[in-house]
1. Testing residue 135 on (1) free of Cβ contacts under 8 Å to residues at least 12 places away in the same chain; (2) surrounded by 12 or more Cβ atoms within 10 Å (Cβ to Cβ), one condition comes back false. Which one is that?
2. So if I check each of 39, 30, which one is exposed (fewer than 14 other Cβ atoms within 10 Å of the Cβ) and over 17 Å from the mean Cα position of the chain (by Cα)?
3. Of the residues 85, 116, which is at pLDDT below 95, under 22 Å from residue 171 (Cβ atoms) and surrounded by fewer than 18 Cβ atoms within 10 Å (Cβ to Cβ)?
4. Can you pull out the strands (runs of 3 or more DSSP E) entirely within the stretch 75-181 that have at least 3 residues that are under 19 Å from residue 42 (Cα atoms) and within 12 Å of the ligand (Cβ to nearest atom)?
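The values are calculated or read from the model by the stated rules, or taken from the named source; none is laboratory data. Predicted model, so just to flag it, every value in this text is computed and none were measured. Methodologically, a virtual Cβ is constructed for each residue, glycine included, from the backbone with ideal geometry; neighbour enumeration extends over all protein chains shown.
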Ligand SMILES: [Zn+2]
């Protein structure tokens with residue numbers, strides 16, 4: 001059943017595949033993460049989002065020569081220098097420090113302006129983080145705040161008794177955001193041949 005967002009019924013046309021760009025930082029001449037780490041992140045996200053009518057396409061996996069350890073707000077902002085327009089940028093770094101505690105590390109973050117103009121919004125993930133981090137950060141990228149519901153993908157609480165899930169209203173919000181990103185020109189529709197196949 002289509003869910004109305006802001007009083008408007010949801011369009012019946014499918015959402016175009018979401019184009020992803022992975023940028024892996026180099027350290028000592030080698031990328032801090034390889035395909036054996038990236039593949040499960042992608043597989044988890046593709047499977048979770050397919051149920052919601054959202055698909056991903058991998059447009060590029062590139063290396064970049066930035067700071068491997070992201071420790072400050074400025075470090076996070078500076079990743080914008082490596083930003084590739086038209087795609088959802090996912091930066092993979094060696095370490096991602098929690099800028100609020102300055103002692104802990106985070107698995108991932110969706111970084112950028114909070115007014116959702118999306119122009120400077122991108123995902124940062126610490127290499128080695130468990131599969132599912134991309135799935136969670138993509139939720140933020142597509143407009144979701146955290147949830148207090150145990151086992152919700154957007155929650156920090158896990159019962160380990162059931163797999164993480166999204167609610168139908170969250171799915172509707174994410175589809176609406178994806179459509180908005182295309183309308184704004186923030187994303188370029190990805191070609192079908194690049195769409196991530198489900199395992
Ligand atoms: Zn989060």
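1. Every condition holds for residue 135 apart from (1).
2. 30
3. 116
4. Qualifying strands (runs of 3 or more DSSP E): 108-111, 122-126.
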